[in-house]
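Visitor: Below is the structure I would like to discuss, written out as structure tokens.
Every read-out reported here was derived from the displayed coordinates using simple, explicitly stated rules and does not represent laboratory data. Predicted model, so just to flag it, every value in this text is computed and none were measured. All Cβ positions, glycine included, derive from the backbone under ideal geometry; neighbour counts span all protein chains shown.
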């Protein structure tokens, strides 16, 4: 698959999934879910969907479970809307990069407390 075509499909998938999850699904477990990125495998058969999850750890697990439960519906709906002959299999994951600034701040604080050079 052409890399530019893959990027276009990934962006279209992100937009459609965001639209469906945010505005069309009535599941209250999905209220704090935001689709941040879609990473399409080179063959186009698998799409890793990174989502930002709101709430506590338990609510996040419930949100991921709701997405897994709706995975088949979401795949069919995206295929229909984007007119794809073969829609990629959707794999939902929590977007861990969202908390990267917190991690960097923590590492900087540790470095200031314990400098390597005396």
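Visitor: Could you check the spin-label model distance between residue 37 and residue 7? Points 7 Å from the Cα along Cα→Cβ, value in nm.
Guide: 1.4 nm
Visitor: For the chain, what is the Kirkwood estimate of the hydrodynamic radius, computed as the reciprocal of the mean inverse distance between distinct Cα atoms, to one decimal in Å? Don't skip to the end; give the middle numbers.
Guide: Working: mean 1/r = 0.0632 Å⁻¹.
Over the chain, the inverse of the mean reciprocal pair distance is 15.8 Å.
Visitor: Give, as ranges by residue number, the residues of segment 21-38 whose backbone N falls under 17 Å from the point 7 Å along Cα→Cβ of residue 81.
Guide: The answer is 21-27, 30-38.
Visitor: Given the peptides 59-69, 22-32, arrange them by the average over their residues of other C-beta atoms within 10 Å, most packed first. Don't jump to the answer; show the numbers that get you there.
Guide: Values: 59-69: 16.7, 22-32: 12.9.
By packing density, highest mean first, the sequence is 59-69, 22-32.
Visitor: What does the extension gain come out to for residue 23 and residue 110, with contour length at 0.36 nm per residue minus their alpha carbon separation? Display every interim value, and only then the final one.
Guide: On the way: separation 87, 0.36 × 87 = 31.32 nm, distance 4.24 nm.
So the chain would gain 27.1 nm between residue 23 and residue 110.
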